[in-house]
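Enquirer: One structure follows; several queries about it will come next.
What follows is calculated from the coordinates using simple rules that are stated; it is not laboratory data. Worth saying up front: this structure is predicted, and the values here are computed from it rather than measured. Ideal geometry is used to build each Cβ from the backbone, glycine not excepted, and the neighbour counts take in all protein chains shown.
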């Protein structure tokens, strides 16, 4: 399980600050709020999407010989406007340009491809490098103006000249008009040819080449909308079996579907639900059971779900309960009424696996994020803050005091800043490097190489 | 934020719902039939809060369907529980009676007859801010300490503020339902063989109004009009069945100004 490159599998991670991207201003521009973070398959590229519809891609620079104890840094590779705000005239409603999800395609040639989506439209972007330029065309000038053909007296062969590296992003496909409701997930299939997109009530299957057609594979919209009590909250393709996908619901259930069974996968192959604990039942039980994220392990044997207070790991072969449950911030259970009132109870936290599936990570409030080691069962709370942003400074574990007496360095539940929420985190697929989005800032932390 | 949280529990008959830090005065027989007033007030304020949230979602850019569904389910749960212990019926009757401004004043007066603390809670200008709720909770706890025999009366069920009374939301045509409601008379609504829990309650006039808001079937009309067949087989069938002038003409706007107008008209007409 512990590869040579990875540090100890135990909670002997020593997370150090590496970099922070984004404005330092206390005044956060709404458009700058990061709404999704995703490493590509090699970890060389790190993409973020924001509420303003922009995508920023960072590239891992090579390690410098001078400072070998540092893995290289991530620097801006490409920035582009992925989605623009639109107006739906029929409904008189704005369609937000906020990027809900970015998913990379596996790399097949020199260019990189990613899918980005807002509430309604998915786009396939090609990011390619250009470091040469052809000079000496016959039919046009250097500035592109067409030359008068009669003036050309001789022919020459254009020559490729080096130029400053330019990274271009161009939209190659636009997959539009297939979702009535808000898209919450996209997931690239293991066949690398298809992908799924899920909104509140439906899931569609697309072919990457075809934009004017998609297959509807799940539809939970009731005939009578008055009967609507459950929505789809997340969906993902299995990492190895291209016929299998899962989707989670607002009632805390996960359905695994096999596309070979039927064209419309309204009947699940497996149904995952943990029986409710009657002693903790309250009016908020359903809301906090709503699953905000579902992620398969890299091995494909497990999946992880995030609900409001916990993260659960499920064995795909066992439907009646999770194999592991981790409490993220149980101290919030007694505050549910206030959190309902200020809408925080509806915050959708994501979760992620490390490359070897031995650890999982998810965010919390007050710019805290939590990591759980599945082998040692140890957990740690860390904070993404400017204060602990000294280069290579080791992050200090944080603790929230739940009892009456607050120890030194602990923070009480009532002092937590609920506006500082960490909803999006990502773990490098091969190394112990993590990216944590704190509102408009992106923090990158690395494990100290021993 | 609250310094002490309050845990809400289903009221099992014979089991007294617990409030934090309170071992609970032993009154088993009273508990069997009568909920503690603080619990019912908390439940009521939760209901009011939920209804306001549902109403407010109309004014947003586009309502978050997941959030709306979860809030609506919460309202339904509260309503079920209140129906089970008989308080729902009492409340809706009281609120129906309090429709006219004059009656609302009466309700306020009835509140005033209670202790000052309760009246203060009732008169709180901002009952739905955290501070207001806090005051509401604390004052109610003060009131109820020595008053085990307080029955669940009509006045104690009155909402915290007359202006924001549940009456506006539950009765009358005030449409506070989530925007996903579809009014599509063209579609064939076949009788479902098993009456769902929702349909039982939708017979209740109050909830009918609650969820009567419209999710325009012009969601599907949109696709048909733009002429882009970018949907699966089921989408296409749906859009075909919903296409037609009825869909447009029967739709009412989610917008609150039109709702206000309807509401005022109803009062004037006196239905």
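Enquirer: Applying 1/(1 + (r/R0)^6) with R0 = 56 Å to the Cβ-Cβ distance of residue A:261 and residue A:76, what FRET efficiency is obtained, to the nearest 0.05?
Expert: 0.80
Enquirer: Rounded to two decimal places and with Rh computed the Kirkwood way over Cα pairs, what is Rg over Rh for chain A?
Expert: 1.01
Enquirer: If each of residue A:392 and residue A:84 carries a label point 7 Å out from its Cα toward its Cβ, how far apart are those two points in nm?
Expert: Reported label-point gap for residue A:392 and residue A:84 is 4.7 nm.
Enquirer: With a point put 7 Å past each Cα toward its Cβ, work out how far residue A:170 is from residue B:262 in nm, to one decimal.
Expert: With each label placed 7 Å out from Cα toward Cβ, I get 5.1 nm.
Enquirer: Hey, how many Å between the Cα centroid of segment A:227-262 and the Cα centroid of segment A:274-297?
Expert: About 17 Å separates the Cα centre of segment A:227-262 from the one of segment A:274-297.
Enquirer: Would you give the gap between the C-alpha center of segment A:423-450 and the C-alpha center of segment A:360-380, rounded to a whole Å?
Expert: Centre-to-centre (Cα) distance: 13 Å.
Enquirer: Moving to a separate point now. Using 0.36 nm per residue, how much length does the chain from residue A:320 to residue A:342 gain when fully extended, once their Cα-Cα distance is taken away?
Expert: This chain segment gains 4.6 nm when fully extended.
Enquirer: Right, another one. Kindly state, to the nearest 0.05, the FRET efficiency for residue A:298 paired with residue A:377, given R0 = 22 Å and r defined as their beta-carbon distance.
Expert: Once rounded, the FRET efficiency stands at 0.65.
Enquirer: Full-extension gain between residue A:161 and residue A:418, please, as 0.36 nm times their residue separation minus the C-alpha to C-alpha distance.
Expert: Separation in residues times 0.36 nm, less the Cα-Cα distance, equals 87.1 nm.
Enquirer: Compute the orientation-averaged projected area for segment A:65-198 from the convex hull of its Cα atoms and round it to one decimal in nm².
Expert: Mean projected area of the Cα convex hull: 14.7 nm².
Enquirer: Further question: Starting from 0 in steps of 10 Å, tell me what percent of the Cα-Cα pairs of segment A:360-450 lands in each bin.
Expert: Histogramming segment A:360-450 at 10 Å steps yields 15, 48, 31, 6, 0 percent.
Enquirer: To the nearest 0.05, what FRET efficiency results for residue A:273 and residue A:133 with a Förster distance of 51 Å applied to their C-beta separation?
Expert: With R0 = 51 Å, the Cβ-Cβ based efficiency is 0.30.
Enquirer: Regarding segment A:170-238, what whole-number volume in Å³ per residue does the convex hull of its Cα atoms give?
Expert: That works out to 96 Å³ per residue.
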